[in-house]
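Report on one structure; see the data block that follows.
The values are calculated or read from the model by the stated rules, or taken from the named source; none is laboratory data. Because the structure is a prediction, the values reported are computed rather than measured. Note: ideal-geometry Cβ built from the backbone for every residue, glycine included; neighbour counts use all protein chains shown. Areas reflect the complete protein model, heavy atoms only, side chains present, ligands, DNA and RNA absent. Shrake-Rupley method; radii C 1.70, N 1.55, O 1.52, S 1.80 Å.
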Amino acid sequence: MILEESFMDLTKREKMKILLEQLQLPDDVIANHFEESVLKRLVVHKNDKLWHFYIGINETLPFPVYKMLYEGLQQSFQDIATTQLTLEIENKKETNELVTEFWQAFLRQVPSILPNHLEMLLQQKVQIQDNQLMVKVKTEAEAVSLQKRLVEPFKEYCQTVGLSPYQVVIHGDTALQELEDFRQQTDKEDRENA
């Protein structure tokens, strides 16, 4: 009880310092990415055994540093609760490479994506323009299916990792669609003529 009261008297920056010590992140990572960070709030859902950390950071984290922070939280508190993390970034500095790394990590955690779609999306170089992440797939049917699975979840993911809210735009390659339609039509005609 005394520990809880003294913890409540600490500043947000002091609370973050204690959290970083608990996570045992390397000193250079702390110095380069968390010097001005604060633990804005911790929401504890006792019944669900869920702790949700809201951390304020000055600049967007590189993906490896984000992963280190996220995994550190999970490992440090695994005996107590499931953890969630939301980063609130003051100065968002996002490169195409950074967004692509987060996009690929997001894809790997989507349970409803088919393995062949996952492989195709991971191998593809995405186009990023005006907060839109543009992806091409083989057919319009695939585009519709993937949009249902990816658009809203990626917006939510962006919010939790501290990225700008990117809109996923998925286009079916009409030339490939026409070729596939042609193949199906000729296969049908071949079967009818046989």
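Largest mean-square fluctuation among LYS12, LYS49, LYS67, in a Gaussian network model of the chain whose springs join Cα atoms under 10 Å apart, belongs to LYS49.
By a 1.4 Å probe calculation restricted to protein chains, TYR66 has an accessible surface near 20 Å², given to the nearest 10.
R0 = 30 Å: FRET efficiency of LYS125 with LYS12, Cβ-based, nearest 0.05? E(calc), rounded to 0.05, equals 0.15. List, in the order given, every pair from LYS136/LYS188; LYS40/LYS67; LYS92/LYS148; LYS125/LYS155 whose Cα-Cα distance in the structure shown is over 23 Å. Long pairs (Cα-Cα over 23 Å): LYS136/LYS188; LYS92/LYS148. The magnitude of the dipole of region 18-173, with charges of +1 and -1 set on the Cβ of Lys/Arg and Asp/Glu and taken from the Cα centre, is near 540 debye. Nonpolar atom fraction for the chain, defined as the carbon and sulfur part of the 1.4 Å probe accessible area, stands at 48 percent. Of the listed residues ARG41, ARG149, the order by accessible area with a 1.4 Å probe, largest first, is ARG41, ARG149.
Take every Cα pair under 8 Å whose residues are at least 6 apart in sequence, average their separation, divide by the length of the chain, and the relative contact order is 16 percent.
Relative contact order for region 1-112: what is it in percent, counting Cα pairs under 8 Å that are at least 6 residues apart?
Taking the mean separation of contacting Cα pairs over the length of region 1-112, I get 23 percent.
Taking each DSSP H run with n ≥ 4 as -39500 (n - 2.57) and averaging over every residue of the chain yields -17000 deg cm²/dmol at 222 nm.
Taken as entire DSSP H runs, the helices of the chain that both span 20 Å or more between Cα atoms along their own long axis and average -0.5 or more on the Kyte-Doolittle scale are 63-77, 140-161. Take region 34-78 with all the other protein chains still there, run a 1.4 Å probe, and you get 56 Å² of accessible area per residue.
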